[in-house]
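Notes follow the structure.
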Amino acid sequence: MRNIDYHLEGDILTVTFAESKGRVHTGVELTDNIVLYFDPTTEEPLQLILLSYRRLLEAPPVRLDGLAEVPDDLRAAALRLVCRAPVANFLRLEEGRRTVPAGRVTEIFLPTVLGAITPTTTPLTVAEQRAQYAAPKPKRRPKKAK
């Protein structure tokens, strides 16, 4: 693994496994908040991007519903990558049942695995986040000139 970066203002965690510059690569949107970039020829993972990282840490397991829209060969490659290191160090798949059709297995992202990541910039605590977005700050009236 090359590097882990956390962008506090955007709440984006980027895990870079290998250099992608000058290489053929493709991105697969696993969910609305998780994108995996890899070399489709070698199946080498290049980068994992987690949007709304803090929210993902607190979220219940998330279905990798983005894979439903991906061609079968890319879907299979993405699943193989998610199941082995180094990507498996950040995402864990758990089998679950879909209600329709019965008996189908689905992949689920478990955010607890991400709790072990120490971002380069410390994110706000849950209490700080709630306070930040709870109520708008009152506008101050401009001072009158004397």
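The values are calculated or read from the model by the stated rules, or taken from the named source; none is laboratory data. Since the structure is predicted, the reported quantities are computational estimates derived from the model, not experimental observations. All Cβ positions, even for glycine, are placed from backbone atoms using ideal geometry, and neighbour counts span all protein chains on display.
Overview of results
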{"quantity": "Region 1-24 residues that are in contact (Cβ under 8 Å) with a residue 12 or more places away in the chain and surrounded by fewer than 15 Cβ atoms within 10 Å (Cβ to Cβ), paired with ones that are of a type in the set (Gly, Ala, Ser) and outside any strand (DSSP E or B) (beta carbon under 7 Å, 6 or more apart)", "calculated": "ARG2/ALA18"}
{"quantity": "Count - residues of region 51-82 that are assigned to a strand (DSSP E or B) and modelled with pLDDT of 90 or more", "calculated": "1"}
{"quantity": "First in region 55-80 and more than 14 Å from LEU91 (Cα to Cα), second anywhere and charged (D, E, K, R) and surrounded by fewer than 17 Cβ atoms within 10 Å (Cβ to Cβ), Cβ under 7 Å, 6 or more apart", "calculated": "ALA77/GLU43"}
{"quantity": "Residue that is modelled with the lowest pLDDT [pool: residues in region 5-49 that are within 17 Å of ALA78 (Cα to Cα) and touching a Ser or Thr at 6+ places or on another chain (Cβ under 6 Å)]", "calculated": "ASN33"}
{"quantity": "Test: THR14 is β-branched (Val, Ile, Thr) and in a loop (DSSP other than H, G, I, E, B)", "calculated": "no"}
